[in-house]
Amino acid sequence: MVTVQCKSVTFSNIQAILFDKNGTLEDSDAYLRALAQKGARIIDAQIPGIGEPLLMAFGVSGDTLDPAGLMAVASRRETETAAAAYIAETGRGWFESLAISRKALDEAEKYVSQTPSPLFAGTLEVLQSLSQAGLKLGILSAATTHEVRSFVQNHQLSDFIQVTIGVDEGPSKPDPILFVRACQALGVEPSATLMVGDSVGDMQMARNAKAAGCIGITWNGKSENVKGADVAINRLEQIVVV
């Protein structure tokens, strides 16, 4: 067990740290914004007039993605369902609406650049340092498990990341069972595990799972996006082993 220092907050007897992916380790803002814009255009081509309301629902305004919005923090299934609800308001049946939504987002993924989103500055060095200190590390993301594993592979993080968990079927953040399951996969107790994330959902999930602590990362400096965190940071290098 190690002691982790984060600004003026100290976490003792820590065995593991779980990280969110999008907006925490990965600078995926441009990709998610492009995905939302393309998906909205595809749906608008079938149902004229729905594009702008959909973009608002996705959390996109012009060239800005809301880091607390639907596209930034929700699972793929939740995003599909939310878009389908807007489609259903036009008078289409629910199953038809869901099919339109799912197909549009699938098509949008094919058009959006497949170049992997970059890591935030310092991510690789921090993961390496924490791993070398004896901490078990994992990723617990609202992205799909396939996306999480691809992220680890693309950025060659397998030497540091021991568990990769996404949201496929079943519960989504902030359900604490996700955190508990990730801890079980790492072979540690939640009470010895920290959560690092960029959303209120990450904080709620970890706190309800009785985690050792919640670290909110706000690269844009908006601490309200991580309300409930024990400490808010604006760069990963502020997480250190002492």
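Strands (runs of 3 or more DSSP E) fully within the stretch 115-231 that include at least 1 residues being among the hydroxyl-bearing types (Ser, Thr, Tyr): 161-165, 193-197. Scanning the stretch 232-242 for residues that are assigned to a helix (DSSP H, G or I) and either surrounded by fewer than 20 Cβ atoms within 10 Å (Cβ to Cβ) or without any contact (Cβ under 8 Å) to a residue 12 or more places away in the chain (or both) gives GLU237, GLN238. Residues in the stretch 65-100 that are among the hydrophobic types (A, V, I, L, M, F, W, C), closer than 17 Å to GLY51 by Cβ and not in a helix (DSSP H, G or I): LEU65 only.
Quick one: is ASP29 under 28 Å from LEU124 (Cα atoms), out of contact with any Asp or Glu (no Cβ under 9 Å at 6 or more places or on another chain) and in contact (Cβ under 8 Å) with a residue 12 or more places away in the chain?
Numbers: under 28 Å from LEU124 (Cα atoms): yes; out of contact with any Asp or Glu (no Cβ under 9 Å at 6 or more places or on another chain): yes; in contact (Cβ under 8 Å) with a residue 12 or more places away in the chain: yes.
So ASP29 passes the test.
The residue pairs whose first member lies in the stretch 1-24 and is free of Cβ contacts under 8 Å to residues at least 60 places away in the same chain, whose second member is not charged (D, E, K, R), and whose beta carbons are closer than 9 Å, counting only pairs six or more residues apart or on different chains, are SER12/MET1; SER12/VAL2; SER12/THR3; SER12/VAL4; SER12/ALA212.
Of all the listed residues (VAL126, VAL60, VAL73), the sole one being crowded, with 19+ Cβ neighbours inside 10 Å, assigned by TED's automatic domain parsing to the domain that holds ILE14 and either under 14 Å from SER28 (Cα atoms) or modelled with pLDDT of 95 or more (or both) is VAL126. For the stretch 202-224, the set of residues classified as at pLDDT below 95 and not hydrophobic (A, V, I, L, M, F, W, C) consists of THR218, ASN220, GLY221, LYS222, SER223, GLU224, listed by residue number.
Name the pairs whose Cβ atoms lie under 7 Å apart, with the first residue in the stretch 186-208 and within 14 Å of SER12 (Cα to Cα) and in the same structural domain as ILE165 (by TED's automatic domain parsing), the second of a type outside the set (Val, Ile, Thr) and modelled with pLDDT under 95, and 6 or more positions between them or separate chains? Listed by first residue and then by second, the contacts come to ALA192/MET1.
Residues in the stretch 28-52 that are farther than 17 Å from ARG102 by Cα and of a type outside the set (D, E, K, R) were compared, and the one that is surrounded by the most Cβ atoms within 10 Å (Cβ to Cβ) is SER28.
The values are calculated or read from the model by the stated rules, or taken from the named source; none is laboratory data. Quick caveat, the model's predicted, so the values are computed rather than measured. For neighbour counting, all protein chains shown are included, and Cβ atoms are generated from backbone atoms with ideal geometry for every residue, glycine included.
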